[in-house]
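Take a look at the structure set out below.
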Amino acid sequence: MEGVMMRSPTATAVTVRRPDGTMVTKLTPFVPLKQKHPWMGKPFVRGIINMGTMLYYGMNTLEDSTKMLGMLDEEPTKFEKWLAAKLGKGVDRIVMAFAIILAVILSVALFIALPAGVESLLRSAGMSTVGYTLIGGLIKILLLVGYMIFCGFVPDVRRTFQYHGAEHKSVYCHESSLPLTPENARTFSRLHPRCGTAFLLIVFLISIFLFLVLNVLVPIGNFFLRFLFHLAMLPIVAGISYEVLMGLAHSGSKTACILRWPGMQMQRLTTREPDEKMLECAIVSVNVVLNGIPEHARRTPEGWAVFNDYRESEPGYVPPADSGTETEEPDHGSAGPEDTSEP
């Protein structure tokens, strides 16, 4: 929310733009799971692990950003207080848990249960295995595209899509070994081959092919069994899709470019052209996740770094002699700029 999260092999950095114009960054080091458990880094297995960890990091980042913006400091409603008292947990934890559960239920209902139900009906009507499998897969893709288009009309989400574009542009700039500046980052495309949007499309396309083969080998007519079968196959599809995505992303061949083109175009739905302030947030996240928080950076009581300018996050930056290093009190302002109700 109002910022960008960057992840390196050993840390994550979340940078948000506060209403007062400052940028606040939280750096969280971590040890990769594949270092703790080498089997988690094996081909196909790593895709399944990556899907789970990205969901975890995504929800944690959302919670962190709301805290950094001061949104969770707002007075809870009477119902929220009652719920927290009954469950013995903080309101923010309850709301986040509810959001995760609701998101999982809606995702399973839309992208697994609904297509599986349509396939069962078409099979009962006498349609061929190839026919109902392709139609079921097409429904998944149409639902995904429709959902992304719908989200793009929501002002708050559209602003998030702009930050998504800033993320891609700054990563491209770093990978091109150019100085990380808004001017340089702006020249790059907002479409990146390793984006999660491309991963989703690959997941859906591979699931169509995989279920086509399995439906021929193991025909299942009952809706409930078909639903459970699709659900059980999700980790396998994710593992295969991850390997395909990485292979296409790191290949410069003409064939790879053609195969990753559809996924790249899907990103036009989930990214927008960012403004300069958004690019600055992304650049700060890149600098901090690669080089750590500079020693001169001001800190909030929570330990977050505060930057007035993206250059302050650059390695080797020397602050003016009269600049202070006092700790800043936390900002409890609104969630975003005055002209938006924020994502």
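What follows is calculated from the coordinates using simple rules that are stated; it is not laboratory data. These figures come from a predicted structure and were not determined experimentally. Cβ coordinates were reconstructed from backbone atoms using ideal geometry, including for glycine residues, and neighbour counts include every protein chain displayed.
Can you put 28, 197, 255 in order, fewest other beta carbons within 10 Å first?
Working: 28 15, 197 21, 255 9.
Fewest-to-most Cβ neighbours within 10 Å comes out as 255, 28, 197.
Less than 15 Å Cβ to Cβ from residue 8, Lys/Arg counted +1 and Asp/Glu -1: what total charge do the surrounding residues give? Please list the in-between numbers first.
Working: positive: 7, 26, 34, 194; negative: 167, 175.
Net charge in that neighbourhood comes out at +2.
May I ask you to derive the relative contact order of the chain, considering only C-alpha pairs under 8 Å and at least 6 residues apart, and to give it as an integer percent?
30
Using a 10 Å cut-off around each Cβ, can you sort 195, 257, 151 from fewest to most neighbouring Cβ atoms? Could the numbers behind the result be given before it?
Numbers: 195 23, 257 13, 151 16.
Fewest-to-most ranking of 195, 257, 151: 257, 151, 195.
Of the chain, which part is the longest with no chymotrypsin sites (Phe, Trp or Tyr not before Pro) in a loop (DSSP not H, G, I, E, B) and with at most 16 other C-beta atoms within 10 angstrom? Let's see the in-between values first.
On the way: sites that count: 30, 44, 153, 317.
Between the exposed loop sites, the longest stretch runs 154-316.
Taking the chain as the reference, fit the longest principal axis to its C-alpha atoms, fit the long axis of helix 196-217 to the helix C-alpha atoms, and give the angle between the two in degrees, 0 to 90, nearest 10.
Result, in degrees: 20.
Over the chain, with a single point scatterer placed on each C-alpha, what log10 of the ratio I(q)/I(0) does the Debye formula yield at q = 0.09, 0.12, 0.14 1/Å?
Here log10 of I(q) over I(0) equals -0.58, -0.98, -1.26.
Quick one: putting +1 on the C-beta of Lys and Arg, -1 on the C-beta of Asp and Glu, what dipole do you get for the chain around its Cα centre, in Debye to the nearest 20? Walk me through the intermediate numbers first.
Working: 31 positive and 32 negative charges, 398 e Å.
The dipole magnitude comes to about 1900 debye.
Quick check: the angle from helix 155-175's long axis to the longest principal axis of the chain, C-alpha only, nearest 10 degrees?
80
Could you work out the relative contact order of the stretch 163-249, using alpha carbon pairs under 8 angstrom and six or more residues apart, expressed as a whole percent?
Details: 47 pairs, mean separation 27.0, N = 87.
Relative contact order comes out at 31 percent.
Taking the chain as the reference, fit the longest principal axis to its C-alpha atoms, fit the long axis of helix 91-108 to the helix C-alpha atoms, and give the angle between the two in degrees, 0 to 90, nearest 10.
So the inclination is approximately 30 degrees.
May I ask for the longest run of the chain untouched by GluC sites (Glu not before Pro) that are loop-located per DSSP and have at most 14 neighbouring C-beta atoms (other than their own) within 10 Å?
Details: sites that count: 74, 295, 302, 326, 338.
Longest site-free region, per DSSP loop and neighbour criteria: 75-294.
I need 16, 286, 118 ordered by Cβ neighbour count within 10 Å, fewest first. Please list the in-between numbers first.
Working: 16 28, 286 24, 118 17.
Fewest-to-most ranking of 16, 286, 118: 118, 286, 16.
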